[in-house]
Amino acid sequence: RRGDHNTISLLLVKMVQRTNATKGTQAIAPFFAEFFGTMMLTLVIALTAGKEVLAPLAIGGILMSMIFTYGHISGANYNPAVSLAVLVRGKITSAVFGGYVLSQLLGGICGALFAKLIVFEDSSNLVDLPLPSPSIEVWKAFLLELVFTYTLCTTVLNTATTTSIGPNSFYGLAISFVV
């Protein structure tokens, strides 16, 4: 229908139709969505985390944008833990899970490399990784990671992969606010 897609999307669809690669494109589209969304999320984290006061808004904003952009294509997991939760729920197969995790790992690596290429040229580290304060014990950091990962996974499962709440358009906002 007219007005359902933006001009760039229509151009890409027409180019794919001309190459007779539509079936192949549909098969790789979810994996590309996972790759690109994870790459953008990693890039924004690398560019802002620990450096900007508004980093959480930038990170949540890019996550929300990527969820709304690619959620209808792949589910917009962008995290192996989320993909595992969606697999356990039965919404994806183990083969798709493996492809998503590979796409997410490659996307994360490319996002970090892109940040290094653009900003961190002089650094011997790939990116400046945020570390817990020296006063926080490692087990406490892992416990916090576990709790927040659980929160993220349950938010995804209860907003984006369930039919019990009916159709909604808030899932991207809910998920991005958890991050």
May I ask you to compute the full-extension gain from Ala27 to Thr149, defined as 0.36 nm times their residue separation minus their alpha-carbon distance, rounded to one decimal in nm?
41.0 nm
Quote to one decimal, in nm, the extra length available between Val178 and Thr93 on full extension: 0.36 nm per residue of separation minus the C-alpha distance between them.
28.0 nm
If r is the Cβ-Cβ distance from Lys140 to Glu52 and R0 is 30 Å, what FRET efficiency results, to the nearest 0.05?
0.75
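Arrange the peptides 57-64, 33-40 so that the one whose residues have, on average, the most other Cβ atoms within 10 Å appears first.
33-40, 57-64
Quick note: the coordinates plus some simple rules give every number you see, no bench work behind them. Owing to the predicted nature of the structure, the values given are computational and were not obtained by experimental measurement. We place every Cβ from the backbone using ideal geometry, glycine too, and count neighbours over all the protein chains shown.
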